[in-house]
Amino acid sequence: GEDVEQSLFLSVREGDSSVINCTYTDSSSTYLYWYKQEPGAGLQLLTYIFSNMDMKQDQRLTVLLNKKDKHLSLRIADTQTGDSAIYFCAERPRDDKIIFGKGTRLHILP
Amino acid sequence: KAGVTQTPRYLIKTRGQQVTLSCSPISGHRSVSWYQQTPGQGLQFLFEYFSETQRNKGNFPGRFSGRQFSNSRSEMNVSTLELGDSALYLCASSGGDTGPETQYFGPGTRLLVL
């Protein structure tokens, strides 16, 4: 069935790296995404990776994709208080409907 | 370039009423998708429109409907509102020079049904 799984909470100290993990189910997914949602706001596209890649880096963000295990991760280097938000993993199978996980709430400790 | 806009931002209705939400996509985007976000169910796909045609539909009852106009603006309608329809309704657009693979979201319309 269609399901994107991610842990609900993550606490990280300011300055450390945050790693948010996600597993997806559809091996036909062509694109995998990470979105960020701050309180009271819509979703902001952070980054995405095409399924034929295994890594993508964009400034403080690193996305790793393990297609064999259907595992996606988002690493945020040097985590700041402004990174506090809910992070959604999403997959886009061939039928084009984007399927979202329930989101990981990232809490930054001082 | 202006982002995706949604109106109204907040809405309070009572059970049995109907509601219409509006979404204006990023200029040049022809695809508009709608999602319902609730604490319990997370983000659930409602439907997608492209060039005034519904291209994809999620698993929602027929009370939820939508349409897209020739200028790509989209509306969604919920009839006979139920308490469980209280949610944040998000619209996303894609296409044009940003490519079909990336969706850009609006701020959402928060609907409260009493």
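Rule-based calculations on the coordinates, nothing more; no lab input. Given the structure is predicted, the values throughout are model-derived calculations rather than measurements. Cβ: placed from backbone, ideal geometry, glycine included. Neighbour counts: every protein chain shown.
Treating the stretch B:7-57 as a set of equal point scatterers at the Cα positions, no solvent, please give the Debye-formula log₁₀ I(q)/I(0) at q = 0.24 Å⁻¹. So the normalised log intensities are -1.13.
Answer rounded, prolate or oblate for the protein assembly as shown, using the Cα gyration tensor with square roots of eigenvalues a ≥ b ≥ c: rounded when a/c is under 1.5, else prolate when a/b is larger than b/c, else oblate. Verdict is prolate for the protein assembly as shown. Computed over chain A, the alpha-carbon pair-distance distribution with 10 angstrom bins reads 15, 50, 29, 6, 0, each value a whole percent. Measuring nothing but how far apart in sequence close Cα pairs (under 8 Å, 6+ apart) lie, relative to its length, chain A scores a relative contact order of 39 percent.
For the stretch B:60-109, the list of chymotrypsin sites (Phe, Trp or Tyr not before Pro) that fall in a loop by DSSP and count at most 15 other C-beta atoms within 10 angstrom reads B:Phe69.
Can you tell me the relative contact order of the stretch B:1-84? Whole percent, Cα pairs under 8 Å, sequence separation 6 or more. Relative contact order, the stretch B:1-84: 32 percent. Of the trypsin sites (Lys or Arg not before Pro) found in the stretch B:44-86, the ones in coil according to DSSP and having at most 13 other Cβ atoms within 10 Å of their Cβ are B:Arg63. Summing Cβ point charges (Lys, Arg +1; Asp, Glu -1) relative to the Cα centre of chain B gives a dipole of roughly 220 debye.
When the P(r) of chain B is calculated, the portion above 19 Å amounts to 40% of the C-alpha pairs. The count of lysine pairs in the protein assembly as shown that are at least 8 places apart or cross chains, and whose C-alpha atoms lie under 22 Å apart, stands at 15.
Dipole magnitude for the protein assembly as shown: about 440 debye, using +1 per Lys or Arg Cβ and -1 per Asp or Glu Cβ, origin at the Cα centre. Eigen-decomposition of the gyration tensor built on the alpha-carbon atoms of the stretch A:1-59 gives equivalent ellipsoid semi-axes of 22, 15, 14 angstrom, largest listed first.
Centre-to-centre, using Cα atoms only, the stretch B:1-76 and the stretch A:74-88 are separated by 28 Å.
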